[in-house]
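Every number here is computed from the coordinates shown, using simple stated rules; none is lab data. None of the values given here were measured: they were computed from a predicted structure. When we count neighbours, we look across all protein chains shown, and the Cβ atoms used for this are built from the backbone with ideal geometry, even at glycine.
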Amino acid sequence: MSEGSKGSKGSLLVLENFIGGKFISCQNHIESFDPSTGEIYCLVPDSGPQEVDVAVAAAKEAFPDWSSRSPEARAQILNKLADLLEKNLEEFAKAESRDQGKPVSLARSLDIPRSAYNFRFFASSVLHQLNDCRPMDHLSSLSYTQRCPLGVAGLISPWNLPLYLLTWKIAPAIAAGNTVVAKPSEMTSATAWMMCKLMEEAGVPPGVVNIVFGSGPRAGDALVGHPDVPLVSFTGSTATAQRITERSAPYCKKLSLELGGKNPAVVFADADLERCIETTVRSSFSNQGEICLCTSRIYVERSLYPEFLQRFVAAAKKWKTGVPSDPSSNNGALISKEHLEKVQGFVSLAKSEGAVIHCGEGVDQLDLPEPNRSGYFMPATVISGVSDGSRVMQEEIFGPVTCISPFDSEEEAISRANGVRYGLSATVWSRDVEKVHRVAQKIQAGLVWTNCWLVRDLNLPFGGMKNSGVGREGGKDSYHFFTEIKTITIKH
Ligand code: NAD
């Protein structure tokens, strides 16, 4: 298969909605930019309520057959889709990198393999979920639980890990027997459209997976507000989640919300410094810092602080910003001009408040080839001297920026780590196992990694506390979200 095999208009890639197993073109389009050049390269359907209506109807029609198939039969199809994604890995990796701006090496090693694995994982996971059974002999009865798919699932995903996060929703939803209408981010729709081309060969029946492309306020809003969509799984910003919650309230929809973060790293003086610095540079700057789990506040025990700062800045300077197609680039382009300006705005704000910018934005010059000089690039930026109350320390920046600050006691570090409205992830660094457990247990975050980052077992719950989310996703958690439980009691 080829990215441009269908839907090319001049040199532009023109995407189409995928509804009821067919590609359906849309009258209006949204321009999508190549972040590494700043040029328009793709036209994304600007779908609205009408397209969403047709997609929901197709999904509704496909539901009775799909939900009545055995989990094993559905699993076979998910595995086939995983095979096909793996077979076309290189092409998907290149397309993801071009669409999102991330280094192609990251798309090749993370985004696309994980997208395929999402299907493989849930194909297997759904076969291993058990229900409860409880005899009550004194009442001569036996009760058991049954889990059923709900119907049409509405799935909305962001632009930072486009196919990875979309498949993280599609896979468990259809494995559990639902049919779906998905809406990827209008800024990164290409790989979702490419995946639609694999559906028929994988054996996905028409209407089981429908993808409607478009903006949040039009297509997304129509999906969330559709009366025939009883559940919505959303990954994106906290502000959008608030809007989705309001919009779905009149229908009492089931919601799963995976939102933003302002994730701390707490580094004690007895940490394995080499490992900590290597990992914390990665956790701060991977995917241009555009991962909800990225570290953006680093608290370092005061006795270690000068050495940590010096070594961290030296390592950050080596985090190479370059053209995404260059395999030696660590840091590609940010998603859009607006986002780049927003991230740069946080660095200016820190500067105006008296902070020190040690490297990156405004300090280091980028050396980019001519065609990429209008791309949305920004080097890895390290800041110190920002007060905890500053917007720079409170708000999600979602770019290659991290702030470092010293602390004096364990209690202080915990309190400052918890002093934001978010609670998604955190890292704790120390060789003292007792301390690591004590601190990890007191940190308000859905995920705490100690002496590591982003080590994931998909069986385990993923999600945030406070303003970082509602609900959890993962093997059992996703199965529970995408099914409805019923208790059946038999009197004998
Ligand atoms: P966003 O909220 O702007 O958009 C996310 C999706 O929602 C997009 O598809 C968008 O079109 C859609 N949308 C926007 N307005 C909508 C509306 N009114 N109704 C329905 N849908 C609407 O987020 P983004 O900028 O695409 O992504 C970045 C955010 O996502 C960051 O805050 C990041 O932390 C978060 N994120 C969280 C996780 C997680 O698992 N917790 C993972 C990745 C990203």
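Summary of values
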| quantity | calculated |
| --- | --- |
| Environment charge of residue 473, counting only residues whose C-beta is closer than 11 Å and scoring Lys/Arg +1, Asp/Glu -1 | +1 |
| Most positive-pole-ward Cα, 429, 377, 281, against dipole of region 263-450 from beta carbon charges | 377 |
| About the Cα centre, charge dipole magnitude for the chain (Lys/Arg +1, Asp/Glu -1 at Cβ), debye | 820 debye |
| Student exercise, region 263-450 dipole from Lys, Arg, Asp, Glu Cβ charges, in Debye to nearest 20 | 160 debye |
| Candidate lysines for bridging to residue 318, where Cα separation is under 19 Å - those fewer than 8 sequence places away on the same chain excluded | 102 |
| Mean-position separation - Cα centroids, region 60-97 and region 416-492, in angstrom | 27 Å |
| Charge dipole (the chain, unit charges on Cβ, about Cα centre) - positive-most of 414, 67, 333 | 67 |
| Crossing angle, helix 49-68 versus the chain [Cα axis fit, 0-90 degrees, rounded to tens] | 60 degrees |
| Pair residue 140, residue 278: separation of 7 Å Cα→Cβ label points (nm) | 6.9 nm |
| Qualifying trypsin sites (Lys or Arg not before Pro) for region 279-343 [loop in DSSP, other Cβ within 10 Å: at most 16] | 302, 318, 320 |
| Positive-pole candidate from 241, 17, 294, dipole of the chain, charges at beta carbon | 241 |
| Per-pair calculated FRET efficiency, R0 = 56 Å: residue 352 and residue 128 via Cβ, rounded to 0.05 | 0.55 |
| Distance between region 298-374 and region 119-188 - C-alpha centres, whole angstrom | 39 Å |
| Surface/4 estimate of mean projected area, convex hull on alpha-carbon atoms of the chain, nm² | 24.7 nm² |
| Within-15-Å neighbourhood charge of residue 75 [Cβ basis; K, R +1; D, E -1] | +2 |
| In degrees, nearest ten, helix 112-125 long axis to first principal axis of the chain (Cα) | 50 degrees |
